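A short worksheet on the structure shown next.
The values are calculated or read from the model by the stated rules, or taken from the named source; none is laboratory data. All values reported here derive from a predicted model rather than from experimental measurement. Heads up, the Cβs are rebuilt from the backbone with ideal geometry, glycines too, and the neighbour counts pull from every protein chain shown. Heads up: the accessible areas ignore ligands, DNA and RNA and are worked out on the full protein's heavy atoms, side chains in. Shrake-Rupley method; radii C 1.70, N 1.55, O 1.52, S 1.80 Å.
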Amino acid sequence: MSKQTYRICCFQRKFKLKEAEAPDEIKDLFERFSENGIMTAEHLCKFLKDVQGEENVTKEEAETVMESALKLVHEHLNIVFHRKGLNLDGFFRYLFSDLNVSISTDKKVHHDMTAPLSHYFIYTSHNTYLTGNQLNSDCSDVPIIKALQQGVRVIELDMWPNSSKDNVDILHGGTLTPPVELIQCLKSIKEHAFVASEYPVIITLEDHLTPDLQAKAAEMVTQVFGDILFTCGAECLSEFPSPESLKGRIIISTKPPKEYLESKKPSEKDNGSQKGKKSSEEKAWGAEISDLSQKMIAYSENKDNGECQDDEADSHHENPNIQQNIAPEYKHLIAIQAGKSKGPTSEWLTVDPIKVKRISLNEEKLINVALNHGKDLIRFTQRNLLRIYPKGMRVDSSNYNPLMGWMHGAQMVAFNMQGHGRPLWLMQGMFKANGGCGYVKKPELLLKTDANNEVHDPKRLLSVKTTLKVKVYMGKGWHLDFKRTHFDAYSPPDFYVKIGIAGVAADSRVKKTKAIEDNWIPIWNDEFEFPLTVPELALLRVEVHEYDMSEIDDFGGQTCIPVSELRTGIRAVPIYNEKGEKYPSVKLLMRFEFVK
């Protein structure tokens with residue numbers, strides 16, 4: 001036990017900093033699953049089965065866990081070391097350790113990876129080459145490398161002629177973003193593509209090149225990627241291959257080649273910063289996740305005729321006669337052709353039984369189409385790929401609620417990876433699933449058709465499938481990872497936890513614990529219930545904040561976990577910073593239980 005001193009004017013305030021102590025419920029469990037103050041491997045095995053829900057755990061596996069737990073305890077000399085088992089302090093330390101985290105750390109892919117690409121959500125980035133905002137930040141291969149290291153599987157590159165018109169640059173057209181050379185981006189992609197995942201990397205290209213530069217780009221792509229480049233050898237694919245069959249491959253996706261004569265100048269609508277004052281909370285850690293039901297209502301009141309314009313925010317004037325001059329070697333590289341979404345929605349959403357394609361919509365057009373053609377979107381995405389991208393107003397590289405895309409089957413919900421904020425935390429949380437490989441199998445709900453060839457109606461309210469019960473016991477580690485006065489200059493922090501579900505509209509809600517005053521190791525013991533109609537699409541949101549009476553509440557960490565991947569029982573929950581980087585020491589102790 002130690003003391004911390006805070007100075008207020010000429011006075012000093014002293015606070016005791018205690019060691020973390022097991023909550024009463026943990027003490028009771030230890031008494032139940034131990035004998036004479038010692039928990040043996042046999043006792044631990046019973047605890048893992050009865051409390052942690054690990055029904056198939058063997059005695060040998062429990063002995064391995066016990067051995068690791070004893071080694072962990074032995075490393076802390078202030079804990080009495082028992083060769084035969086754990087005492088209460090050792091058991092408590094084990095529960096709070098990386099041996100007992102809320103989501104499996106073995107990075108094993110466990111979804112069926114043999115279905116077509118259209119059956120998966122794919123970790124997708126937008127304007128991956130930008131280091132910051134969409135208007136004047138540098139273009140670089142550094143954010144591309146970082147995205148690949150994080151498991152991103154879809155990289156976007158915008159190709160333009162360089163200033164001399166003799167080479168290919170990557171930049172955001174119509175802006176002041178300094179370019180990076182295409183060849184540098186390609187080499188970095190090849191070097192880092194399969195560091196985090198062995199499953200395919202898709203490069204979506206925006207092509208603003210003349211035919212001679214298309215040929216030059218094709219030569220660079222072919223030389224850099226060589227045999228790992230996937231080409232289908234046909235005009236169009238009749239069905240997408242599976243992620244399993246494409247391991248270690250690079251795939252090119254773009255619209256059929258065309259020449260862009262001039263760049264669209266950023267309009268007031270697209271170029272303006274977000275209007276309206278941001279709330280104090282939004283300034284601190286990003287906007288709250290938008291409410292899907294309210295968003296649908298707002299769009300229904302202002303909906304147009306349900307028709308969409310072209311599929312890219314950066315569409316440009318095109319020369320209809322340029323098709324005859326397409327560089328054939330460039331056209332040969334395109335394995336996933338991107339179609340157009342011009343004209344009546346019912347036409348471009350029609351499913352072609354003999355070929356597949358990719359269509360792109362911005363986030364606002366997605367809502368419009370979902371409002372009028374939700375079931376058609378789901379049917380379309382059972383065979384074809386749908387890419388969603390941020391609206392033009394997001395010049396600050398902010399993001400949107402990805403659930404609107406996912407609940408309609410969109411595989412490529414493209415995000416700006418340069419910043420941080422709640423939407424990006426959801427994206428990072430979703431792709432913790434399936435071993436973090438960047439591909440998550442879509443729920444059967446979005447893939448099946450019934451006897452009448454009908455698909456799921458996303459507007460239909462479903463019955464509750466299960467209820468997730470969550471108990472937040474306590475947290476610790478902030479005093480190790482933060483300075484004494486980081487949260488409050490005059491006293492220890494007053495932490496509280498916001499906890500909720502991001503999912504379909506019926507499942508989404510946020511609750512919070514009480515604030516615990518002046519304590520680096522807060523104990524809440526608060527319990528919550530979340531009824532879930534579509535648990536397969538639900539993400540558990542956890543945020544820790546420090547209450548401040550006069551200013552903005554401080555950010556104390558966050559995590560987002562796919563509900564389908566949660567390990568039941570009492571678990572340690574690692575906490576991350578705004579950028580999604582794990583804190584070295586900060587964890588929560590929580591309990592998870594599913595009830596019908």
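Which residue out of R32, R13 is modelled with pLDDT under 85 and open to solvent by 80 Å² or more (accessible area, probe 1.4 Å)? Break it down stepwise before answering.
Working: R32 fails: modelled with pLDDT under 85.
Matching residue, one of R32, R13: R13.
Would you confirm, using the coordinates I've provided, whether I501 is at pLDDT 95 or above and open to solvent by 10 Å² or more (accessible area, probe 1.4 Å)? Walk me through how you get there before you give the answer.
Values: at pLDDT 95 or above: yes; open to solvent by 10 Å² or more (accessible area, probe 1.4 Å): no.
So I501 fails the test.
Quick grid of which residues meet (1) in contact with a Lys or Arg (Cβ under 7 Å, 6 or more places away or on another chain); (2) over 27 Å from Y439 (Cα atoms); (3) not assigned by the TED database to the domain that holds I336:
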| site | (1), (2), (3) |
| --- | --- |
| D158 | no, no, no |
| S163 | no, yes, no |
| I170 | no, no, no |
| V195 | no, no, no |
| Y199 | yes, no, no |
| L205 | no, no, no |
| L209 | no, yes, no |
| D212 | no, yes, no |
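What's the number of the only condition in (1) in a helix (DSSP H, G or I); (2) open to solvent by less than 60 Å² (accessible area, probe 1.4 Å); (3) over 22 Å from P574 (Cα atoms) that T64 fails to meet?
Only one criterion is unmet by T64, namely (2).
Is it the case that region 252-267 has a residue that's within 29 Å of I354 (Cβ to Cβ), surrounded by fewer than 15 Cβ atoms within 10 Å (Cβ to Cβ) and modelled with pLDDT of 95 or more?
no
Taking the options K84, K146, K107, name whichever one is outside the structural domain of G409 (by the TED database), out of contact with any helix residue (DSSP H, G or I) (no Cβ under 8 Å at 6 or more places or on another chain) and not in a strand (DSSP E or B).
Working: K146 fails: outside the structural domain of G409 (by the TED database); K107 fails: out of contact with any helix residue (DSSP H, G or I) (no Cβ under 8 Å at 6 or more places or on another chain).
Answer to the check: K84.
Output the residues belonging to region 148-163 that are open to solvent by 10 Å² or more (accessible area, probe 1.4 Å) and touching a Leu at 6+ places or on another chain (Cβ under 7 Å).
Taking region 148-163 first, the residues open to solvent by 10 Å² or more (accessible area, probe 1.4 Å) are 149-150, 160-163.
Listed by number, the residues that qualify are W160, P161.
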